[in-house]
Amino acid sequence: MVSENPFGQFRRECEEALAKAIKKTLPEIKAPTITLNKTPNIEFGQLASSICFDLAKKLNQKPIVVAEHLVKAIDKSSFNLIEKVVFAGAGYINFHVDFTKFSALTLESIKKLKYDYGFVKTANPQKIIVEHTSVNPLHPIHIGQARNPMLGDALARILEYRGHQVSRHYYVDDVGRQSSVVAYGYQKLGRPKPTEKADHFVGKIYTVTSCLVEINRLKRAREVAVAVRSAEELVKTNKEIDEWMSIAAELKEKFPVLFEVLMAKIGEDENPEEEINRLNRAYEDGEPNAKQLIREVSDLCLEGFKETMARVEVSYDSWDWESDFVWSTQVSEVMQKLKTSPFVFTEKGVLEFDAEKVAQIFKLKSKLGLSETHEIPTLTLMRADGTTLYTTRDVAYTLWKFGQAQKVINVIGMEQSLAQLQLKLALYALGYGEFADNFVHFAYNLVTLPGYKMSSRRGHYITFDEVLDEAVLRAYEEVSKRSPQLSEEEKRSIANFVGIGAVRYALVDVDSSKPVVFTWERVLNFETNSAPYVQYTHARACSILRKAAREPEKPAYDLLAERLERELILNLAGFPDMFIEATEYLKPNNIADYANALADKFNTFYNALPVIKADSQELSDARLVLTQAIQIVMHNALNLIGIVAPEKM
RNA sequence: GGGCCCGUAGCCUAGUACGGAUUAAGGUGUCGGCCUUCGGAGCCGGAGAUCGUGGGUUCAAAUCCCACCGGGCCCGCCA
């Protein structure tokens, strides 16, 4: 017999048994919803119901008395996996699984389904777009931004395994002013070929250019302040200039040649800021030279991103350029439609979107989890000069996404929650309520560095590449120390998947709503609760199976009676439920936790109980099957979060 | 000022959506053990927690409600 969800099957049996008993003994009570809880202790069985506390109130009896009646009325003979049902505590009903049958069912199912085990398919498969990463092509991806692709990719993976048709999208935000800044600097340098990894190369140009342009702008602002004799303005501007001058000094020291050249070239322009604005406008208008230039420098940077993402095995199905939506009619069409809706008004010559009014008229506040008294701020849709703003363009982009998917999940930092809410409300305003309902902002909390704030403008950041390099280097040292007998090639390959796995794990492991403080210690952790730990445990399981060098022929599952063995079987049987939950509630960190807990338990198991040299051949066979099952499930779990499950390390 | 998120041993984290069992679960660090058979990236044991604070709801609260405190983020004709 094979079950794709052994624990789920047991749960269903218990629910049915209990429902029948209630119907039989208490026909006057209308069928309550039955939810079963995991027990705190294996001695209380595997599932428990506390329904008697509710029933007791209605019946005006003691919970334990009700429990006793119900237990007596339960006919377990018509069920397969229920060994016994007992009443306990103040009024619990505890269900005990028949371990002989359950172990056989679980282990045989895993053996049969193998690398498909656990991935229960949804009854409602959908086309889903997961947009993630979407780092602006201005500078290398830094560690604060790297949490995004790690979460996004894990989400895409689990949804895919769930049976959805997932498409991973990268939104290239090339329309902002910042893109024009870097393009301007790049142009001034004569469009040089990168002398290093392209995104790092572009990043330096961006940082230095933006600093020089800012200083130039502030100096002109100071002249104005002097001319109009505004002391207040003068003090403020001077302060800003001082700040930027210190950044400039830092940059000059770090990149002396680049700094000198850019300073000379930018100095040729009377008003660099005006040049940049002109470039920006030309780009939005689709002027060919501007297009050529900005696309060229953006592409350069994206090439660097692709290299980085290839290292961590993250890829994308679609690269969506924001500019394409501006150049086509899509953005202007959305604007037109919004303009004619009752939710857009003009104020001081600019178009404003009244998100609050939408929420009120469509009565969305409680649905969106907002308090009735909270007033949602308006959103500016268009500048006075007729150019559009980021969120406006995002509305067009989102509609385009819904043209090819039923559900859209945006992996975007929680600092953009308001903008994402306004975007959702714009969809309602446009009459696309169904889209809005299937529009998910997967918000995650920030990664911060202890000590200082990351600032891409200042060039103060730890790049994701650096973190990966360091992790692989550290892993190499570890492998060399622990397994000196391995060949150089093996060591390098192991160091790579261990180091990268460690980083992926560290960024996925924490609940996405919680902030993460980046420390090297966290990411380079190779001990318990890390990818290397789970990987190592997986390799040990493989090692035992290798050493046994035989297929278990007569496993006697009833001999797996040790508490540890039973707990392991329960863990394995619960993998499908865990997977379903992680997928439905978008909690990739659950997978990491599960893998770690399974590794923990397995480590304890094989340290305490001999597998190959067990007392009897039948027991040894049973433990071998158990070990196989653990190896398979650990492999499947690691796979879900994009981590290699090695046979040796 | 308004809104959102976070607050669990020295440090890091699970549990919170859906309230349940005398003892709130791991890790790290700390103290003490383990070449015992399958790889010590490991295993076993000890100490270590007013679950931010105060109220409330409930037979039952880390979990739900209210108020407050601490930290972060957002409230741009930036993205």
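Scan the stretch A:603-618 and give yes if some residue there is assigned by TED's automatic domain parsing to the domain that holds A:SER493, surrounded by fewer than 19 Cβ atoms within 10 Å (Cβ to Cβ), more than 13 Å from RNA strand B (Cβ to nearest atom) and part of a helix (DSSP H, G or I), otherwise no. Yes, the stretch A:603-618 contains at least one residue that is assigned by TED's automatic domain parsing to the domain that holds A:SER493, surrounded by fewer than 19 Cβ atoms within 10 Å (Cβ to Cβ), more than 13 Å from RNA strand B (Cβ to nearest atom) and part of a helix (DSSP H, G or I).
Of all residues in the stretch A:471-486, those that are near RNA strand B (Cβ under 8 Å from one of its atoms) have Cβ atoms under 8 Å from Cβ atoms of residues that are of a type in the set (Gly, Ala, Ser) and in a helix (DSSP H, G or I), 6 or more apart or on another chain, in A:ALA475/A:ALA495; A:ALA475/A:GLY499; A:ALA475/A:ALA502; A:GLU478/A:ALA495; A:VAL479/A:ALA495.
Just to verify a result, which residue in the stretch A:325-349, among those that are within 14 Å of RNA strand B (Cβ to nearest atom) and over 18 Å from A:LEU423 (Cβ atoms), is modelled with the highest pLDDT? Restricting to residues being within 14 Å of RNA strand B (Cβ to nearest atom) and over 18 Å from A:LEU423 (Cβ atoms), the top hit is A:PHE345. Considering the conditions (1) crowded, with 21+ Cβ neighbours inside 10 Å; (2) more than 21 Å from A:GLU527 (Cα to Cα), A:TYR585 is excluded by exactly one of them, (1).
Please go through the stretch A:5-45 and give me each residue that is away from RNA strand B (no atom under 16 Å from the Cβ), surrounded by 18 or more Cβ atoms within 10 Å (Cβ to Cβ) and within 30 Å of A:ALA629 (Cα to Cα), ordered by number. Don't jump to the end; show me each part of the working.
From the stretch A:5-45, those away from RNA strand B (no atom under 16 Å from the Cβ) are A:6, A:9, A:13, A:16, A:19-21, A:23-28, A:30-31; that's our starting set.
Among the residues that remain, those that are also surrounded by 18 or more Cβ atoms within 10 Å (Cβ to Cβ) are: A:6, A:9, A:13, A:21, A:26.
Passing the criteria: A:PRO6, A:GLN9, A:GLU13.
Out of (1) within 20 Å of A:GLY431 (Cα to Cα); (2) buried (at least 21 other Cβ atoms within 10 Å of the Cβ); (3) of a type in the set (S, T, N, Q); (4) within 12 Å of RNA strand B (Cβ to nearest atom), the odd one out for A:SER366 is which? So A:SER366 meets the others, but not (2). Entry remark, the stretch A:441-460: residues being in contact with a Phe, Trp or Tyr (Cβ under 7 Å, 6 or more places away or on another chain) and either away from RNA strand B (no atom under 12 Å from the Cβ) or not in a strand (DSSP E or B) (or both) number 3 in total. Here A:LEU598, A:LEU626, A:LEU638 are screened, and the one residue that is in a helix (DSSP H, G or I), touching an Asp or Glu at 6+ places or on another chain (Cβ under 8 Å) and crowded, with 20+ Cβ neighbours inside 10 Å is A:LEU626. Out of the residues in the stretch A:371-403 meeting the condition of being of a type in the set (A, V, I, L, M) and without any contact (Cβ under 8 Å) to a residue 40 or more places away in the chain, tell me which one is surrounded by the fewest Cβ atoms within 10 Å (Cβ to Cβ). Across the stretch A:371-403, the extreme among qualifying residues is A:ALA384. Does A:TYR92 meet the test of being aromatic (Phe, Trp, Tyr), under 29 Å from A:ILE591 (Cβ atoms) and in contact (Cβ under 8 Å) with a residue 40 or more places away in the chain? The answer is no for A:TYR92. What tally of residues in the stretch A:496-516 results from selecting those that are more than 8 Å from RNA strand B (Cβ to nearest atom) and more than 23 Å from A:HIS132 (Cα to Cα)? The number of residues fulfilling the criteria is 1. A Cβ distance below 6 Å, combined with a sequence gap of six or more or placement on separate chains, defines the contacts here; from the stretch A:285-314, residues that are within 17 Å of A:LYS204 (Cα to Cα) reach residues that are surrounded by fewer than 19 Cβ atoms within 10 Å (Cβ to Cβ) in the pairs A:GLY304/A:LYS197.
Looking only at the stretch A:517-561, how many residues end up being part of a helix (DSSP H, G or I), of a type outside the set (Ser, Thr, Tyr), surrounded by 13 or more Cβ atoms within 10 Å (Cβ to Cβ) and within 10 Å of RNA strand B (Cβ to nearest atom)?
Here is the first cut: in the stretch A:517-561, the ones part of a helix (DSSP H, G or I) are A:520-523, A:531-548, A:557-559.
In the following step, the residues that additionally are of a type outside the set (Ser, Thr, Tyr) were identified as A:520-523, A:531-532, A:534-535, A:538-542, A:544-548, A:558-559.
Next cut, surrounded by 13 or more Cβ atoms within 10 Å (Cβ to Cβ) only: A:522-523, A:531-532, A:534-535, A:538-542, A:544-545, A:548, A:558-559.
Okay, now just the ones that are also within 10 Å of RNA strand B (Cβ to nearest atom), so A:522, A:531-532, A:534-535, A:538-542, A:544-545, A:548.
Here the count works out to 13.
Could you please let me know if A:GLU527 is touching a Phe, Trp or Tyr at 6+ places or on another chain (Cβ under 8 Å), at pLDDT below 95 and farther than 25 Å from A:VAL411 by Cα? Give the steps one after another, and end with the answer.
Details: touching a Phe, Trp or Tyr at 6+ places or on another chain (Cβ under 8 Å): yes; at pLDDT below 95: yes; farther than 25 Å from A:VAL411 by Cα: yes.
Answer is yes for this residue.
Could you tell me which of the residues A:GLU322, A:GLU347 is of a type in the set (D, E, K, R) and surrounded by fewer than 16 Cβ atoms within 10 Å (Cβ to Cβ)?
Working: A:GLU322 fails: surrounded by fewer than 16 Cβ atoms within 10 Å (Cβ to Cβ).
Result: A:GLU347 is the single residue among A:GLU322, A:GLU347 that is of a type in the set (D, E, K, R) and surrounded by fewer than 16 Cβ atoms within 10 Å (Cβ to Cβ).
Kindly provide the set of residues from the stretch A:369-384 that are under 27 Å from A:GLY176 (Cα atoms) and not in a strand (DSSP E or B), ordered by number. Working first, answer last.
So the first thing to find is which residues in the stretch A:369-384 are under 27 Å from A:GLY176 (Cα atoms), and the list is A:376-384.
Correct list: A:ILE376, A:PRO377, A:THR378, A:ARG383, A:ALA384.
The values are calculated or read from the model by the stated rules, or taken from the named source; none is laboratory data. In this text, all values refer to a predicted model and were calculated from it rather than measured experimentally. All Cβ positions, glycine included, derive from the backbone under ideal geometry; neighbour counts span all protein chains shown.
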